[in-house]
Amino acid sequence: MHNPLKQIDTKEVELPDTIYVRDIETKVFQSIVVQCLLRMDGIALVEGTLIDSLFGREPAERISGISVEQDQKNHSISVKLEVNVAYGVCIPEKADEIHTKVTEELSRLTGLHVSLVHVVFKNMITKTALEEAVSNDPKAASYSEEF
């Protein structure tokens with residue numbers, strides 16, 4: 001039997017390079033940011049609406065105010081955060097802390113470059129209200145328990 005493959009020089013056949021693809025869903029980035037923000041004093045997460053509660057959405061789905069955009073070409077991400085800040089907290093210093101910690105965590109855990117961290121302070125709340133929100137909020141506790 002005649003085998004046509006024996007006549008082909010193996011140097012003529014070049015295999016294409018293997019392409020490795022890594023996709024990270026937006027929820028992963030949001031979860032990393034939430035965990036980072038929960039460890040900071042003087043801020044609280046902006047939460048979902050009454051409709052979210054009525055539909056019985058999971059705590060992770062009720063957190064709002066964190067949007068992430070990925071740039072596949074440049075292997076980078078940009079993040080927009082909306083948080084509430086406690087009265088008496090220096091906003092520029094808190095913004096710098098948020099920028100630094102969120103950038104470090106996202107870069108460390110995903111290996112991607114963080115091109116933008118946009119922090120929007122949505123509301124000012126009293127420290128008492130902040131403490132109550134953090135200690136009595138089952139959503140924040142249950143969100144942390146998911147990890």
Checklist line | Ser78/Val120 FRET efficiency (R0 22 Å; Cβ-Cβ; nearest 0.05) | finding: 0.95
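What pairs from Lys80/Lys127; Lys73/Lys122; Lys94/Lys127; Lys27/Lys127 go past 21 Å between their alpha carbons? Don't skip to the end; give the middle numbers.
Numbers: Lys80/Lys127 24 Å; Lys73/Lys122 32 Å; Lys94/Lys127 15 Å; Lys27/Lys127 29 Å.
In this structure, Lys80/Lys127; Lys73/Lys122; Lys27/Lys127 exceed 21 Å between Cα atoms.
Laboratory data are not the source of any read-out in this text; all were calculated from the coordinates shown. Since this is a predicted model, take the numbers as computed values, not measurements. Every residue, glycine among them, receives a Cβ derived from its backbone with ideal geometry; neighbour counts consider all protein chains shown.
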